[in-house]
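Asker: Questions regarding the structure given below will be posed in turn.
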Amino acid sequence: MLFGWKKRCRRLEAENAQLKAPSAQLEARLTESQAKNQQLLLALAAARKNSRNSSKRPSSDIVKPPPRPLGKGKRRKIGAQPGHPKHKHPAFTPAQIDHHISYELEHCPVDPSHRLVPLADQQKTIQQVELVEQPFVVTEHTAQGYWCEGCQCIHYAAFPAELVAGGLCGPRLTSLVCYLKGKLHGSYSGIQDFFRDVLSREVSRGYLAKLNQKAAQAFAQPYAQLLSLLPQQGHLNADETGHKENGHRYWTWCFRAKAFIVFKIHASRGSDVLFDILGQNFQGSLGLTFGGLSQIRRPMWRADPILPGPLDPRSQIPLRIPRPFRPAYGQALLAGLKELFDALHRRAELSSKAFALALATGEAKVWDAALDPILQPRRYPHGKVHRLIDNLAHRFSLHGEGYFHFITHPEIQSTNNSAEQALRFVVMDRHMTQGTRSQRGRDFCERLWTVIATCSLQNRSAYGWIHAAIRAHFNGRPVPSLLLDSS
């Protein structure tokens, strides 16, 4: 009897062990499936990110087209893509070559007994660029002194005006300091290290600031010319960003025209800046970023200015929905804007009549959503949200035509991206250099930023123009204009 029970227990233990093996496999597969499911949920959440559930800007929901499909199971590799043209540096011309070294064979590398015959048309060439050991020239200028028997004093020969104005650093070296400071966002300590480590010369930060002030004086007239041309432009895009100066808050304004860009540092962020720069009778169109159209600063959304008076009918204002609006009121507004921009993206696919109908439908939806709080007043649980929505609806009723100005004027962009892109350079400089300390520093920054941004827009060398301007200034000649010669 006891032997039978033991035999049965062993049989049950064997069956239990057989059942445990598949169970462990199932548990491993379940764990793997749960991990894959979590990865898919994270990927889906990232794909569904928009301005309502993340910090992305509303313009990214409307303007940007969907990403191109990469193919099932395919991932884009790092580096050059298939079909990408190879970029190869062009060979230097004979006039650009400073030294020439020829290498010859004394005997055959396989068998020294073989006879070698030089071929004039068979050569391999490697062109190498290298810095010289001392990449500058030191010139000592001496003015002879003479005793005048009539005047009973010493007279000295005159130095050239360019030499006196430049002092220790000539025009090219002064231009290099200016370029390092502006284009490369260099700090004075960093430029000082460059002089010591690369040029083996010690200079003080105060002297570097003095060189930049010389450059600022050279840029004064070309900068003033561009500033005076802003009121005459047919269309401008404008935006602003913060600027630091000894704990005080300033604003860097960017005005982008078709052929040039102007920066202006101002103590105000309001519309008075626009009137100061563009005047009371500006007849062109102005593209602005619309954050809330209120000059009252609120922590939850931007307070970009709106132009009252004669500028409003021609103002192109790209709409940016403040975050508190998005759950309800903003969703309807964004839906109309998405339909409007969807029609713009499909312009080539639609007939002229269908395109006009799609634009009219999208515009009507935007109007209905924007003016809904006025037509059907309601209370919102949060007092600030209620005031913001009423403010937006009221301003839309007054200036709503400005949102659709780009539809009937193809030369006007539907967004303010051009001005925002030009400001990125300034934002980077602010983070690197921590702002300015005086009015002279503000003058230098806004002039240098204008030079660099305008030269970049015109696809020409900023260093080349800076050198030409500083050299002309040192010689007392007129500084060249930043405008391209139309002839």
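The values are calculated or read from the model by the stated rules, or taken from the named source; none is laboratory data. In this text the structure is predicted, and so the values were computed from the model without any measurement. In this analysis, Cβ positions are derived from the backbone assuming ideal geometry, glycine residues included, and neighbour counts consider all displayed protein chains. Please note that ligands, DNA and RNA were not included when accessible areas were found on the heavy atoms of the full protein model with its side chains. Shrake-Rupley method; radii C 1.70, N 1.55, O 1.52, S 1.80 Å.
Asker: If I ask for residues that are aliphatic (A, V, I, L, M) and open to solvent by 100 Å² or more (accessible area, probe 1.4 Å), which ones from segment 74-88 would you list?
Answerer: Of everything in segment 74-88, just one residue is aliphatic (A, V, I, L, M) and open to solvent by 100 Å² or more (accessible area, probe 1.4 Å), namely ILE78.
Asker: So is PHE255 part of a loop (DSSP other than H, G, I, E, B), more than 29 Å from GLY190 (Cα to Cα) and aromatic (Phe, Trp, Tyr) or not?
Answerer: In short, no.
Asker: Quickly run through segment 454-477 and pick out the residues that are part of a helix (DSSP H, G or I) and open to solvent by 20 Å² or more (accessible area, probe 1.4 Å).
Answerer: SER456, LEU457, TYR463, GLY464, HIS467, ALA468, ARG471, HIS473
Asker: Give segment 185-201 a look and list any residue that's more than 25 Å from the chain's Cα centre (by Cα), open to solvent by less than 60 Å² (accessible area, probe 1.4 Å) and among the polar types (S, T, N, Q), or say none.
Answerer: Of everything in segment 185-201, just one residue is more than 25 Å from the chain's Cα centre (by Cα), open to solvent by less than 60 Å² (accessible area, probe 1.4 Å) and among the polar types (S, T, N, Q), namely GLN192.
Asker: Taking GLN434 as the residue in question, decide whether it is at pLDDT 90 or above and more than 21 Å from ALA259 (Cα to Cα).
Answerer: no
Asker: GLN122: among the polar types (S, T, N, Q), at pLDDT below 90 and open to solvent by less than 100 Å² (accessible area, probe 1.4 Å), yes or no?
Answerer: Criteria not met by GLN122.
Asker: A further question follows. Run down LEU236, LEU274 and say which single residue is over 30 Å from LEU168 (Cα atoms), over 20 Å from the mean Cα position of the chain (by Cα), in contact (Cβ under 8 Å) with a residue 24 or more places away in the chain and not in a loop (DSSP other than H, G, I, E, B). Step through it out loud before you land on a result.
Answerer: Numbers: LEU236 fails: over 20 Å from the mean Cα position of the chain (by Cα).
Among LEU236, LEU274, only LEU274 is over 30 Å from LEU168 (Cα atoms), over 20 Å from the mean Cα position of the chain (by Cα), in contact (Cβ under 8 Å) with a residue 24 or more places away in the chain and not in a loop (DSSP other than H, G, I, E, B).
Asker: I would also like to ask the following. Need the failing condition index for PHE404 against (1) open to solvent by less than 20 Å² (accessible area, probe 1.4 Å); (2) modelled with pLDDT of 75 or more; (3) of a type outside the set (Asp, Glu), just the number.
Answerer: (2)
Asker: Out of segment 155-177, which residues are surrounded by 17 or more Cβ atoms within 10 Å (Cβ to Cβ), in contact (Cβ under 8 Å) with a residue 24 or more places away in the chain and part of a loop (DSSP other than H, G, I, E, B)?
Answerer: Selection gives CYS169 alone.
Asker: Limited to segment 183-202, what total is found for residues that are in contact with a helix residue (DSSP H, G or I) (Cβ under 8 Å, 6 or more places away or on another chain) and among the aliphatic types (A, V, I, L, M)?
Answerer: Residues that pass the stated criteria total 1.
Asker: Give just the number: which of (1) farther than 16 Å from LEU173 by Cα; (2) in contact with a Ser or Thr (Cβ under 8 Å, 6 or more places away or on another chain); (3) assigned to a helix (DSSP H, G or I); (4) of a type outside the set (S, T, N, Q) does LYS214 not satisfy?
Answerer: For LYS214, the failing item is (1).
Asker: Next question, about the same structure. Kindly check whether there is at least one residue in segment 310-333 that is at pLDDT 75 or above and open to solvent by less than 70 Å² (accessible area, probe 1.4 Å).
Answerer: So the first thing to find is which residues in segment 310-333 are at pLDDT 75 or above, and the list is 331-333.
Filter once more, keeping what is open to solvent by less than 70 Å² (accessible area, probe 1.4 Å): 332-333.
So far as segment 310-333 goes, yes, one or more of its residues are at pLDDT 75 or above and open to solvent by less than 70 Å² (accessible area, probe 1.4 Å).
Asker: Which condition breaks for GLN144 when tested against (1) surrounded by 10 or more Cβ atoms within 10 Å (Cβ to Cβ); (2) touching a residue at least 12 places away in the same chain (Cβ under 8 Å)?
Answerer: Against the list (1) surrounded by 10 or more Cβ atoms within 10 Å (Cβ to Cβ); (2) touching a residue at least 12 places away in the same chain (Cβ under 8 Å), GLN144 comes up short only on (1).
Asker: Can you report the number of residues in segment 238-279 which are hydrophobic (A, V, I, L, M, F, W, C) and touching a His at 6+ places or on another chain (Cβ under 9 Å)?
Answerer: The qualifying residues number 7.
Asker: So, LEU180, is that one closer than 15 Å to HIS467 by Cα and either touching a helix residue (DSSP H, G or I) at 6+ places or on another chain (Cβ under 8 Å) or part of a strand (DSSP E or B) (or both) or not?
Answerer: Values: closer than 15 Å to HIS467 by Cα: yes; either touching a helix residue (DSSP H, G or I) at 6+ places or on another chain (Cβ under 8 Å) or part of a strand (DSSP E or B) (or both): yes.
Answer is yes for this residue.
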